[in-house]
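In what follows, a structure is listed as structure tokens, so that the remarks can point back to it.
The values are calculated or read from the model by the stated rules, or taken from the named source; none is laboratory data. The structure presented is a predicted model; accordingly, all values stated were derived computationally and were not measured. Here the Cβ positions follow ideal geometry from the backbone for every residue, glycine too, while neighbour counts run over all protein chains shown. The area values use the complete protein model at the heavy-atom level, side chains included, leaving out ligands, DNA and RNA. Shrake-Rupley method; radii C 1.70, N 1.55, O 1.52, S 1.80 Å.
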Amino acid sequence: MKKNTLTIAAERALSIAAGVLEQHPRKLTALLAAILLGGGGGAFAVASFGPDASALPVREVLETVQPASLSEQAEALDAHVFNLYRSDVVRPTDTVESLLARLGVNDAEAAAYLRQDATVRTQLLGRPGRTVRAEATEQHGLAGLTARWVNDDSGQFRRLVVQRQADGRFATRMESAPLAPSVRLGSGTIRSSLFAAVDESHIPDEIAVQVADIFSADIDFHRGLRKGDRFSVVYEALEADGEPLRTGRVLSVEFVNNGKTLHAVWFQEAGSKGGYYTFDGKSLTSSYLASPMEFSRVTSGFAMRFHPVLQRWRAHLGVDYGAPSGTPVRTVGDGIVEFAGVQNGFGNVVIVKHNNSDQTLYAHLSRIDVRLGQAVSQGQRVGAVGATGWATGPHLHFEFRVNGAHQDPVQVARRHQNVQLTAASRPSFERLARSMRAQLSAAALATVASAE
């Protein structure tokens, strides 16, 4: 009877414990762990379900380890050759000696060879901007020299290789290879100018020029940038042997100007000419450029000018751009040269008729590069900045006339953006736009992270 009572009591206790465990599993687990780790004064037995370790077979393995010889290691290091690599760009005034000195090479034999080599003389010296990479020995001797450049738009680059042979003599060869496109991201903030921003972000000047052309109808890059404006850009870089050699096309760009955000993405419909579109599919291609001057470092400081002779502002009749004499001037749209010659106070003048109502005038030119009746296309050079006529300094006076009335060229360019995507190309465009949005976001985040 006593045994049955104990059994019944044990069963009840187990039942209660099971219920508590079911209701509060985490608390009981934590309590048990605390007791076990804290050694709460009790003794606990843990059942082992594995075999007894003392009964397991033991095997002893002996192996002789021979320590490495320090002298042998030192000899191996002494025998190892460390060659040094350095890259630079050919300068207009470079001689063989000055180029080798910047590349860390001091080798009279190599200098003598390069001076007498016809290929080096014609393809390297006097070719500023070409990338050169030298391999130098520990004694600053020349082991090899490679130069790369692009001659045309064929998608190929040229490679000049000068190599020291096994017999110690030098040999020269010319090679061709395809450029490899790669995608790069960049972003920046305007503090003083667009070119200062791209310099700070290590973005090529060519990208800044393309961005200015893309948004020329929406942003006056000569006078309309504000401190704090920012941009993100995805662009192509064309590489030769893993090094960027030429800048490709802007693939997408975001620009925040004076609080207004603009987007553009490059897209080419099947069987048609490619162009830039907003993310909602509106074309940014206009019949007219907003400026007759290609945006560049020398033109980025453009400003309205108070006419020094007539003593009044000329903004209501046109736009005066200050720029160095000889700076190229381009026509803002397709048309026919209606006048090319001298015209009173305007000095050398070119007038282009674009259609029955639209006409543009380019004045004070130092040179005229077109003739009367010539057909010209958008962006074609018509002359160069000068100071002819009533001008006290080199500048371009530009006018856009519609039915004889002067118009703001930026507003005219904006009105002529009216091309839309076709319905058939819309799905592929939207896929591309989503991808470019993500890449632009990544470019912006990368810049923020680097700034922090």
Taking only the alpha carbons of region 368-426, the radius of gyration and the largest Cα-Cα distance, Dmax, both in angstrom, are 17.0, 56
Which residues qualify? For Phe170, with a placed amide H closer than 5 Å and at least 5 residues away or on another chain, they are Gln165
Long-range amide H partners of Ser296, meaning residues 5 or more apart or on another chain whose placed amide H is closer than 5 Å, are none
Counting sequence-distant residues (5 or more places) and residues on other chains, those with an amide H built under 5 Å from that of Thr285 are Tyr276
Note to self: C-alpha centroids of region 358-380 and region 120-193 sit apart, in Å, by 39 Å
Order by accessible surface, 1.4 Å probe, largest leading, for residues Glu269, Glu243, Glu399, Glu97 comes to Glu97, Glu243, Glu269, Glu399
Excluding ligands, DNA and RNA, the carbon-plus-sulfur percentage of the accessible area of region 157-255 with a 1.4 Å probe reads 45 percent
Per DSSP, the loop-located trypsin sites (Lys or Arg not before Pro) within region 171-200 having at most 14 other beta carbons within 10 Å are Arg191
accessible surface per residue for region 82-191, probe 1.4 Å, DNA/RNA/ligands not counted, whole Å² -> 53 Å²
Out of Val89, Leu103, Leu145 - ranked by how far each Cα lies towards the positive end of the dipole of region 78-151, with unit charges on the beta-carbon of charged residues - the top one is Val89
With every protein chain in place, the accessible area of Thr93 for a 1.4 Å probe, in Å² rounded to the nearest 10, comes to 120 Å²
Between the modelled labels at Thr122 and Asp241 (7 Å from Cα along Cα→Cβ) the distance in nm is 2.1 nm
Answer check: region 324-389, Cα atoms, Kirkwood Rh, Rg/Rh ratio of 0.95
Cross-link reach from Lys260 to aspartates and glutamates, straight Cα distance under 12 Å and at least 8 residues apart if same chain, gives Asp218, Asp229
Taking 0.36 nm per residue of separation between Arg367 and Leu84 and subtracting their Cα-Cα distance, the length gained on full extension comes to 96.8 nm
Honestly region 143-299 on the Cα gyration tensor test (a ≥ b ≥ c root eigenvalues; a/c under 1.5 rounded, otherwise a/b vs b/c for prolate or oblate) is just prolate
Heavy-atom accessible area with a 1.4 angstrom probe orders Arg223, Arg415, Arg159, most exposed first, as Arg415, Arg223, Arg159
One finds the C-alpha centres of region 419-441 and region 220-245 to be spaced, in Å, by 21 Å
Rounded to the nearest 10 Å², the 1.4 Å probe accessible area of Glu175 is 50 Å²
Along region 353-367, Karplus-curve 3J(HN,Hα) (6.51, -1.76, 1.60; θ = phi - 60°) to the nearest Hz, with x for Gly and Pro, reads 9, 8, 6, 5, 10, 9, 8, 10, 10, 10, 10, 6, 5, 7, 8
Order by accessible surface, 1.4 Å probe, largest leading, for residues Trp390, Trp266, Trp149 comes to Trp390, Trp266, Trp149
Residues other than Asp94 with Cβ under 11 Å of its Cβ, Lys/Arg counted +1 and Asp/Glu -1, net out at +2
SASA check, Phe429, accessible area w/ 1.4 Å probe, all protein chains in place, rounded to nearest 10 Å², comes out at 0 Å²
For the Val342, Asp408 Cβ pair and Förster radius 35 Å, calculated FRET efficiency rounded to 0.05 is 0.80
At R0 = 30 Å the Cβ-Cβ FRET efficiency linking Asp167 and Glu97, nearest 0.05, sits at 0.75
